[in-house]
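The values are calculated or read from the model by the stated rules, or taken from the named source; none is laboratory data. Source: prediction; values computed, not measured. Cβ atoms come from the backbone with ideal geometry, glycine included; neighbour counts cover every protein chain shown. Each accessible area value is taken on the protein alone, full model and side chains, heavy atoms only, with ligands, DNA and RNA left out. Shrake-Rupley method; radii C 1.70, N 1.55, O 1.52, S 1.80 Å.
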Amino acid sequence: MITRDGEVELLPLTRRRALLAAIKSVAAITVTALAWRAPRAAAQTWPARPIRLLLTAPPGSSIDVLGRVIADALKDRLGQAIVAENRPQAGGTVGTDAIAKADADGYTIGISFTGPLATAPYLYSHLPYDAERDLAPVVLAATAPNLLAVNAALPVNSLREFIDYVRRRPGDLNYASIGNGSASHLAMELFKREAQLFIVHIPYNGAPPAVQATAAGDVQAIMSNPTSLLPLILARRIKALAVTSKTRWSGMPELPTIAESGYPEVEAIAWNGFIVPMRTPVDIVGRLNREINEILQTIETRARIATAGWDVAGGSADQFAAFMRSERRRWQPIIARSGAHLD
């Protein structure tokens, strides 16, 4: 310490140590602040080059259609090309893993769905990613109920008639799913548990063969989303009996919900949403959320999503995160009871 006379006077040892600790603390805070500014500063110049959009479903799927609709509008708003790439392998987990492992710089975004984001952790003994730790939610894009449908020749025309028909033939009837552990499979298992039905599960490799098998009478029933079922419902080759949402679906408001028919615990909606690698700058996540929410509310986008059999969702990133957590909690015990495993 410098005295009034210009002489140097040493501080007591304890005070010198305290002063040194304070200097180190200020330095640490300064470094942290600079580190926080770096991604935000980078976000101010984003995007400066094309953005990659990973689609975790095959070409022609509802997720593929939705993702490309959003990408087409997003490129105009961001002023950069959006390059879409399909990564449908292993039920979407391969594509979701690629999103999780991409650089967190805002130049890789993705759209994933119920399976890879909510049910896969309980269906696989090991996943190469952790959906909560490695992925940051952007926005819930769209939702759709599952429809319970039966072969057109089956002598039932209501949910109650179907339940009675199955109960009189325990183990003699089959239902199709779009794959073991899929939302199609798990939705029917939930319904079976609540209605105390014994109907045998026959998994298929995707929606097209599962729906065709139902129409051909190879199986008697199916639970799947409207996108895959509507063409054959309109062709009168299968009959829709009920929906798995809590409220009636706007696409077929005449159909009752399973919940209103006496099974209130049966709710199983399909959903998808946009995600980015964890640690993507918060400004970029916020910008993507705002832009996609605005796109979802345009008349053209809403019409195209409705045509594909989906309902527009939207909302904040935090709301999407909370929704995914609730879906994981809900499906974990159902998967455990079903005994479904994918490895």
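Key figures
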| quantity | calculated |
| --- | --- |
| Residues satisfying the stated conditions in the range 169-191, i.e. open to solvent by 30 Å² or more (accessible area, probe 1.4 Å) and either closer than 17 Å to A144 by Cβ or basic (K, R) (or both) | R169, I178, A183 |
| Subset of the range 38-64 [open to solvent by less than 60 Å² (accessible area, probe 1.4 Å), more than 15 Å from D103 (Cα to Cα) and modelled with pLDDT of 85 or more] | L55, T56, A57, I63, D64 |
| Residue within the range 186-194 that is free of Cβ contacts under 8 Å to residues at least 12 places away in the same chain and part of a helix (DSSP H, G or I) present | yes |
| Test: R160 is part of a loop (DSSP other than H, G, I, E, B), basic (K, R) and either at pLDDT 95 or above or open to solvent by 40 Å² or more (accessible area, probe 1.4 Å) (or both) | no |
| Close pairs (6 angstrom Cβ cut-off, 6 or more residues apart or separate chains): open to solvent by 10 Å² or more (accessible area, probe 1.4 Å) in the range 124-152, β-branched (V, I, T) and in a loop (DSSP other than H, G, I, E, B) anywhere | A136/T280 |
| Residue match in the range 109-129 (condition: outside any helix (DSSP H, G or I), of a type in the set (A, V, I, L, M), closer than 27 Å to G339 by Cα and in contact with a helix residue (DSSP H, G or I) (Cβ under 8 Å, 6 or more places away or on another chain)) | yes |
| Top-ranked residue of the range 69-115 - restricted to ones that are among the basic types (K, R) and buried (at least 17 other Cβ atoms within 10 Å of the Cβ), ranked as modelled with the lowest pLDDT | R87 |
| Residues satisfying the stated conditions in the range 195-211, i.e. surrounded by 18 or more Cβ atoms within 10 Å (Cβ to Cβ) and part of a helix (DSSP H, G or I) | A195, A207, A210, V211 |
| Complete set of residues in the range 212-233 that are outside any helix (DSSP H, G or I) and either open to solvent by 40 Å² or more (accessible area, probe 1.4 Å) or of a type in the set (D, E) (or both) | D218 |
| Condition check for Y165: at pLDDT 95 or above, within 22 Å of E327 (Cα to Cα) and surrounded by fewer than 24 Cβ atoms within 10 Å (Cβ to Cβ) | no |
| Residue within the range 278-292 that is of a type in the set (S, T, N, Q) and closer than 30 Å to V200 by Cα present | no |
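This table checks each residue for (1) of a type in the set (A, V, I, L, M, F, W, C); (2) under 29 Å from the mean Cα position of the chain (by Cα); (3) over 27 Å from T307 (Cα atoms).
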| residue | (1), (2), (3) |
| --- | --- |
| G115 | no, yes, no |
| D134 | no, yes, yes |
| V156 | yes, no, yes |
| E161 | no, no, yes |
| D164 | no, no, yes |
| P170 | no, no, yes |
| A176 | yes, yes, no |
| S182 | no, yes, no |
